[in-house]
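Before any comments, here is the structure.
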Amino acid sequence: MGKDGETENLGYLIPAEVVHHFIEDYERNGKYTGFGDGGFAYSKLENKHMRRALGLDPSTMTGVLIKKVDKTAPASKVLEKGDILLEIDGLEIASDATILFRNGERIPFHWQITAKFVDDSCQLKVFRKGKILDLTLPLTELRLLVPTHLPQDAVPEYLIVGGLVFVPLSEPMMKSDYGDEFDVKAPVRLMDRWLHGLQEEVDQQVVVLSHVLANECTIGYASLSNIIVRQFNGQDILNIKHLSQMVDTCKEEFFRFDLDHDEVLILEAKAARAALPSILKTNMIPSAKSANL
């Protein structure tokens with residue numbers, strides 16, 4: 001029976017190419033590493049006036065415009081914003097972002113990348129500032145801001161500060177809180193990061209205030225849960241380890257947490273530190289932070 005209570009015997013087909021890719025990936029690496037990713041975003045160039053304005057001969061040259069390069073990917077050392085990608089592995093890229101496939105069919109050029117593996121490479125022909133360049137692009141894994149799964153040996157990360165419980169946002173965390181239908185039940189801001197977020201820095205995470213443990217320090221904050229934490233005492237937060245380090249070394253009188261939706265939480269530092277042992281004992285929590293922090 002389907003989720004709507006009406007459909008029965010509903011099956012899903014997995015393309016053979018995906019199955020073959022998974023098997024070969026496991027044979028190569030002893031684990032699943034994923035599909036290759038180029039580390040860039042692009043725009044189609046179907047408008048001939050746009051192609052001419054960018055320096056291309058609109059009657060003979062086609063390609064796509066590189067509009068963003070992932071700072072954390074190998075592409076950042078190869079491509080530049082504003083490059084025009086003309087060919088990939090010897091295949092001309094049309095202005096609608098397709099390449100020639102078998103039997104005269106056309107498919108999105110990105111297939112040439114995703115058909116490969118992490119640490120493979122593609123040969124590119126790029127138009128940059130009036131010159132045509134031949135470049136080698138190393139492929140990497142897609143650097144999602146919100147991971148869809150965690151390694152089997154991963155230690156769940158958490159940090160407790162004066163009764164405030166912080167965790168990094170991940171798909172397993174949302175499934176734990178909202179169930180398998182987290183994509184329709186979780187807050188919109190969290191889903192936006194899950195759907196569209198890519199790392200802009202190595203080890204970047206989305207840190208959320210998961211929930212609040214009741215005690216004198218957290219009076220008035222109990223209703224807050226699963227809301228993104230943006231800053232600690234005016235400093236942007238890179239990841240949960242960074243937040244832990246800033247809290248541990250803080251010499252200021254107050255802990256200030258700036259959250260999404262312009263929410264602000266403030267704890268007196270001395271009181272929060274003094275209350276922590278009692279909070280942990282009451283809630284039967286062995287440590288204020290995960291072992292890797």
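The values are calculated or read from the model by the stated rules, or taken from the named source; none is laboratory data. Here the structure is a predicted model, which means the values were calculated and not measured. Every residue, glycine as well, gets a Cβ built from its backbone with ideal geometry; the counts of neighbours run over all protein chains shown. Side chains are part of the model used for accessible areas, which takes the heavy atoms of the whole protein and leaves out ligands, DNA and RNA. Shrake-Rupley method; radii C 1.70, N 1.55, O 1.52, S 1.80 Å.
Measuring with a 1.4 angstrom probe and ignoring ligands and nucleic acids, residue 223 comes out at about 100 Å² accessible. Dipole orientation for the chain: of the candidates 215, 184, 74, 74 has the Cα lying most toward the positive pole (charges on Cβ; Lys, Arg +1; Asp, Glu -1).
Cα centroid separation, region 193-219 to region 152-172: 8 Å.
With springs only between Cα atoms under 10 Å apart, run a GNM on the chain and tell me which of 75, 154, 272 wobbles the most. Top of the fluctuation ranking is 154.
With a cut-off of at most 11 other beta carbons within 10 Å, and DSSP calling the residue loop, which GluC sites (Glu not before Pro) in region 53-139 qualify? Please list them.
Of the GluC sites (Glu not before Pro), the ones in loops of region 53-139 whose Cβ has at most 11 other Cβ atoms within 10 Å are 105.
Against the criterion of solvent-accessible heavy-atom surface with a 1.4 angstrom probe, 248, 37, 96 sort, most first, into 248, 96, 37.
Estimated purely from DSSP H runs of n ≥ 4, each contributing -39500 (n - 2.57), the mean residue ellipticity at 222 nm for the chain is -6500 deg cm²/dmol once divided by its residues. Modelled label positions at residue 43 and residue 81, each set 7 Å beyond Cα in the direction of Cβ, lie 1.2 nm from each other. Highest mobility in the GNM of the chain, judged by mean-square fluctuation with C-alpha springs under 10 Å and restricted to 273, 28, 256, is found for 28. Taking every C-alpha pair closer than 8 Å and separated by at least 6 residues, the mean separation divided by the residue count of region 219-293 gives a relative contact order of 25 percent.
Could you sort the peptides 164-176, 129-141 by per-residue average Cβ neighbour count (10 Å cutoff), highest mean leading?
Ranked by mean Cβ neighbours within 10 Å, highest first: 164-176, 129-141.
The trypsin sites (Lys or Arg not before Pro) found in region 76-120 that occupy coil by DSSP, while having at most 15 further C-beta atoms within 10 Å, are 81. Couplings 3J(HN,Hα) for region 163-174, derived from phi with the Karplus relation 6.51 cos²θ - 1.76 cosθ + 1.60 (θ = phi - 60°), are x, 8, 9, 10, 9, x, 6, 8, 5, x, 5, 5 Hz, where x marks Gly and Pro. Using a cutoff of 8 angstrom between alpha carbon atoms and counting only pairs six or more residues apart, the relative contact order for the chain works out to 13 percent. Taking the Cα centre of the chain as origin and assigning +1 to Lys and Arg Cβ atoms and -1 to Asp and Glu Cβ atoms, the resulting dipole is close to 880 debye. For residue 250, the solvent-accessible surface computed with a 1.4 Å probe is close to 20 Å², ligands and nucleic acids excluded.
The solvent-accessible area of residue 149, taken with every protein chain present and a 1.4 Å probe, is close to 120 Å².
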